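J.: Below you'll find the structure I mean.
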Amino acid sequence: MPQHHLRCFLFSCLTLLASTLFAQDKPNVIVIMADDLGYGDVSCYGATELETPNIDRLAAEGQRFTSGYCSASTCTPTRYSMLTGNYAFRAKRTGIAPPSAPAIIKPGVVTVASLLQKAGYETAVIGKWHLGLGKEATKSDPGGPDWNGELNPGPLEIGFDHCFLLPTTNDRVPQVYVEDHRVLNLDPKDPLWVGKKKPSEDHPTGITHRSSLKMDWSHGHNSTIHNGISRIGFYTGGHAARFRDEDLADKWVEKSNEFMEANKDNPFFLFFSSHDIHVPRIPHERFQGKTDLGFRGDAIIQLDWCVGEIMKTLDRLKLTDKTLVVFCSDNGPVLDDGYVDGAIEKIGKHRAGGPFTGGKYSIYEGGTRTPFITRWPTRIKPGVSDEMVCTIDLPSSLAALAGQKVDDKDCVDSHNVIDALLGKPGASGRDHLVQQDNGTTGSYGLRMGDWKLQRHGKKRARNVVVEAKLANTTVDEFQLFNLAKDPGEKENVLKENPEVAKKMKAKLNQIIADGRSR
Ligand code: NG6
Ligand code: CA
């Protein structure tokens, strides 16, 4: 072999070796996203009426953030932003998705999953999706999910190698699992039909068969009945494919264990998308009655169990030291979200939003400030961080961790806060964050340092805590709060601080108008 060929050959070998070593150096990443879990719902964030030992252990071994946020106070927009790194208010139809919504994130859009996939990770989402499946509607085709055929596009078209899903959210039809592009266990002789209108005069619903329900509804949620619970939307067929609500958490853990085991020798990214503690709250029988808070509290215990099982699997596979775990929520708490499950009656001393006002659907802090924990034993020194971080920052931050460059045109609101997430001394989080609700009211929050500006599109604030209950109130269009002195956003100090208010109003307008904030 001529000498320069030999040199070339040796150089290629070294590069290959280096990239293999580097790939092994990349930590696994698990994002555990809870559903509707409030700041005060777990014991390491101050809950006293129940105990969450596994989530507490995660916090004790990692960083617990006191200013950890999701970007919206409902599910679909937070999940859209967590994956794409773009504020949901910039895109149409990113509000709560109906059962038959087409895929909201279009194929090829850069996501946290595609960035990590490009960095050599095996990627999976397991659990609740609620970001639509299937094609866009056209004149001749209604679009949306083809339940009996290919459910495409979906997660596999935006960077996930595998998915095992609850397609929407469990108070919406249908109660089936979707694995990759298909409904699991579907019998072609019993096709699945999903629609908005009652399929026949005698189709049993939550209205016609109310007395047969195992959990009554309080608003909405009165269409097709499955497993004794009436839902939003109608469906028929697909009986062999239907699951029991009680078994969801076990299934997410089972599938996650399979995925981690299969990928124990290569870097993986797992988005563990829990359905707990969203309604209908139907924890497995073994968790029912575990708390005095009713099924809402019991569902928190079930969520904590899931976290414990994932940690056990990491320990067993000797992956704990090689894995960054991020624990977060998709929006703040709600008590009655459509079913009569005792959440209000049994609340007692429990404060789901911790010291904050507002919850799900709200731009008060309680709507988006949620538990947020990072753990990676070999890299993160245990502690508590007051730095501001948000689920929308995961694409840029995790890309940086995996050595991937994020193009300027992508993830336009995702800040690289990886050093803050890893708890590095002196590292800062974001200096501003826009908080949105479901995106339908024109209401926004803007936090900058200790200041919080609220802009209420319709001068109505939803789900504000009054005497531990969540209620709607009428508010001024603009309000300003000093969170350092008044974390509960009780005293509007806008009149006393006109300059701060002016600056923040301008900043909010600018972030919206610029189309980007990174
Ligand atoms: C609301 C539902 C609520 C819940 C929410 C979505 C009614 C009256 N309310 O429209 O029960 O399903 O949508 O929650 O139907 S989320 O966490 O998935 O965003
Ligand atoms: Ca939610």
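J.: Out of everything in the range 320-341 that is over 23 Å from Phe65 (Cβ atoms) and not aromatic (Phe, Trp, Tyr), what residue ends up being nearest to ligand 2 (Cβ to nearest atom)?
T.: Asp337
Matching residues to (1) of a type outside the set (D, E, K, R); (2) within 20 Å of the chain's Cα centre (by Cα):
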site	(1), (2)
Arg244	no, no
Arg281	no, yes
Ile301	yes, yes
Trp305	yes, yes
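J.: Across the range 247-272, what is the number of residues that are in contact with a helix residue (DSSP H, G or I) (Cβ under 8 Å, 6 or more places away or on another chain) and not aliphatic (A, V, I, L, M)?
T.: Residues that pass the stated criteria total 10.
J.: Given the criteria within 16 Å of ligand 2 (Cβ to nearest atom) and in the same structural domain as Asp408 (by TED's automatic domain parsing), does His130 qualify?
T.: yes
J.: Here are some conditions: (1) touching a helix residue (DSSP H, G or I) at 6+ places or on another chain (Cβ under 8 Å); (2) within 16 Å of ligand 1 (Cβ to nearest atom); (3) among the aliphatic types (A, V, I, L, M); (4) assigned to a helix (DSSP H, G or I). Ile300 meets all but one. Which one does it not meet?
T.: Here Ile300 meets the rest and fails (1).
J.: Okay, next question. Could you go through the range 262-273 and let me know if any residue there is in a helix (DSSP H, G or I) and modelled with pLDDT of 95 or more.
T.: Yes: the range 262-273 contains one or more residues that are in a helix (DSSP H, G or I) and modelled with pLDDT of 95 or more.
J.: Run down Ala249, Ala262, Ala241 and say which single residue is within 14 Å of Ile310 (Cβ to Cβ) and in the same structural domain as Thr323 (by TED's automatic domain parsing).
T.: When all the criteria are applied, what remains is Ala249.
J.: Follow-up question, since we're still on this one. Taking the stated definitions as given, is Gly488 in contact (Cβ under 8 Å) with a residue 40 or more places away in the chain, of a type in the set (Gly, Ala, Ser) and not assigned by TED's automatic domain parsing to the domain that holds Ile392?
T.: So Gly488 passes the test.
J.: Sticking with this one: Given the criteria of a type in the set (Val, Ile, Thr), assigned by TED's automatic domain parsing to the domain that holds Gly366, within 16 Å of ligand 1 (Cβ to nearest atom) and within 18 Å of Ser414 (Cβ to Cβ), does Thr94 qualify?
T.: When the stated conditions are applied, Thr94 passes them.
J.: Return the only residue of Gly120, Gly68, Gly85 being away from ligand 2 (no atom under 15 Å from the Cβ), surrounded by 24 or more Cβ atoms within 10 Å (Cβ to Cβ) and at positive phi. First the steps, then the outcome.
T.: On the way: Gly120 fails: surrounded by 24 or more Cβ atoms within 10 Å (Cβ to Cβ); Gly68 fails: at positive phi.
Just a single option satisfies the conditions, and that option is Gly85.
J.: Which residue is surrounded by the most Cβ atoms within 10 Å (Cβ to Cβ), if the candidates are limited to the range 328-358 and must be within 11 Å of ligand 1 (Cβ to nearest atom) and under 23 Å from Tyr444 (Cβ atoms)?
T.: As a first pass, look at the range 328-358 and keep what is within 11 Å of ligand 1 (Cβ to nearest atom): 329-334, 336-339.
Add one more test, that the residue is under 23 Å from Tyr444 (Cβ atoms), and what stays is 329-334, 337.
Values: Ser329: 29, Asp330: 30, Asn331: 31, Gly332: 35, Pro333: 30, Val334: 26, Asp337: 25.
Going through the qualifying residues, I end up with Gly332.
J.: Something else about it: Do the conditions hold for Ile344, that is, is it more than 18 Å from Val389 (Cα to Cα), within 16 Å of ligand 2 (Cβ to nearest atom) and in contact (Cβ under 8 Å) with a residue 40 or more places away in the chain?
T.: Answer is no for this residue.
J.: Please give the strands (runs of 3 or more DSSP E) falling wholly within the range 412-518 in which 1 or more residues are in contact with a strand residue (DSSP E or B) (Cβ under 7 Å, 6 or more places away or on another chain), under 29 Å from Ala59 (Cα atoms) and modelled with pLDDT of 95 or more.
T.: Qualifying strands (runs of 3 or more DSSP E): 432-436, 444-448, 451-455, 478-482.
J.: Looking only at the range 357-407, which residues are in a helix (DSSP H, G or I) and farther than 26 Å from Gly46 by Cα?
T.: Scanning the range 357-407 gives Pro395, Ser396, Ser397, Leu398, Ala399, Ala400, Leu401.
J.: Return the only residue of Asp407, Asp341 being over 20 Å from the mean Cα position of the chain (by Cα), of a type outside the set (Ser, Thr, Tyr) and more than 30 Å from Gln117 (Cβ to Cβ).
T.: Asp341
The values are calculated or read from the model by the stated rules, or taken from the named source; none is laboratory data. All figures in this text were calculated on a predicted structure; none of them were measured in a lab. For neighbour counting, all protein chains shown are included, and Cβ atoms are generated from backbone atoms with ideal geometry for every residue, glycine included.
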